Amino acid sequence: MGRTVFAALRLKRAVTGIEHVPNEGGAILAITHFGYLDFALTEWVIWCHNRRKVRFMAKESVFAKPVIGSLLRGMHHIPVNMKAGAAAFDSAITALKSGELLGVFPEAGVNASFTVRDLKSGAARLAAQSGVPIIPVAVWGGHRVLTKNHKPTLRDAYKTLVSVTFAPPITVRPDDDPAEVTQALHDQLQGMVDTLQRDYPVDGTGQWWQPRHLGGTAPTPEEAAAADAERKLRREAEAAERANKTK
């Protein structure tokens, strides 16, 4: 379904480092997360390269969304309960040990500042326990098709260039410090994003999809974090109100 949509939109892709994705065996794809379709775009370029499928771990709430949720469910991806993720973690380990590619978003949600924020340590812990490598993946341009805080338009999406780059695999030993691995992964992903943004052939000056430090109008990392925190509090209050009404 995703490939059909991308073909209809006539999306263009620029891919580097795809040779780092193995033709067989398990690996963790640690992907930046600026748009809702980053999972499908990553799988798209991998499928075009070696016909491998990717299973993704995504927040449980995303599976309830009309379009994205149907894609995730149809592709048998792994829902993650953010407050109790043990079952999802175990499912991911099983998938990796059986030789599957697993996509994860260490930022734990779409980042509206379009810079790489602090990462969760799940990718490092999965790699240490499963014995498979982490492959850093940066996606730039996909957020112009569909992202948070912006109503999608055909003009934004049509013939958009999506740049995807893959870095060499990172091997994680069982005794490695997950915090150190995670910080190194963050730094590498941000460096990859910096390069993609620098080389992107479309001028983003004054555009909503360009980060503030590069002349765009996207929120700063601090503004995006504050908005996320406010949104979380609002949702928790709404959930509590619904629970009270059912008592």
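The values are calculated or read from the model by the stated rules, or taken from the named source; none is laboratory data. Source: prediction; values computed, not measured. Neighbour counts run over all protein chains shown; Cβ positions are idealised from the backbone, glycine included. Calculation scope for accessible area: heavy atoms of the full protein, side chains included, ligands and nucleic acids excluded. Shrake-Rupley method; radii C 1.70, N 1.55, O 1.52, S 1.80 Å.
Quick look at the numbers
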{"quantity": "Some residue of the range 42-63 being of a type outside the set (Ser, Thr, Tyr), modelled with pLDDT under 90, open to solvent by 30 Å² or more (accessible area, probe 1.4 Å) and part of a loop (DSSP other than H, G, I, E, B)", "calculated": "no"}
{"quantity": "Condition check for Val137: hydrophobic (A, V, I, L, M, F, W, C) and open to solvent by 10 Å² or more (accessible area, probe 1.4 Å)", "calculated": "no"}
{"quantity": "Criterion (modelled with pLDDT of 95 or more, at positive phi and not polar (S, T, N, Q)) met by exactly one of Gly204, Gly215", "calculated": "Gly215"}
{"quantity": "Odd one out for Ala108, checked against (1) of a type in the set (A, V, I, L, M); (2) at pLDDT 95 or above; (3) open to solvent by 10 Å² or more (accessible area, probe 1.4 Å)", "calculated": "(2)"}
{"quantity": "Index of the failed condition, Thr115 passing every other in (1) hydroxyl-bearing (Ser, Thr, Tyr); (2) open to solvent by 30 Å² or more (accessible area, probe 1.4 Å); (3) touching a residue at least 60 places away in the same chain (Cβ under 8 Å)", "calculated": "(2)"}
{"quantity": "Candidate set from the range 191-203 (those that are out of contact with any Pro (no Cβ under 8 Å at 6 or more places or on another chain) and under 22 Å from Asn149 (Cα atoms)); member that is least open to solvent (accessible area, probe 1.4 Å)", "calculated": "Val193"}
{"quantity": "Hits in the range 122-158 (condition: at positive phi and modelled with pLDDT of 95 or more)", "calculated": "Gly131, Gly141"}
{"quantity": "Subset of the range 1-41 [in a strand (DSSP E or B), open to solvent by 60 Å² or more (accessible area, probe 1.4 Å) and β-branched (Val, Ile, Thr)]", "calculated": "Thr16"}
{"quantity": "All positions within the range 204-246 that are open to solvent by 50 Å² or more (accessible area, probe 1.4 Å) and in contact with a Leu (Cβ under 9 Å, 6 or more places away or on another chain)", "calculated": "Thr205"}
{"quantity": "Failed item in (1) modelled with pLDDT of 95 or more; (2) touching a helix residue (DSSP H, G or I) at 6+ places or on another chain (Cβ under 9 Å); (3) not hydroxyl-bearing (Ser, Thr, Tyr), with Gly25 passing the rest", "calculated": "(2)"}
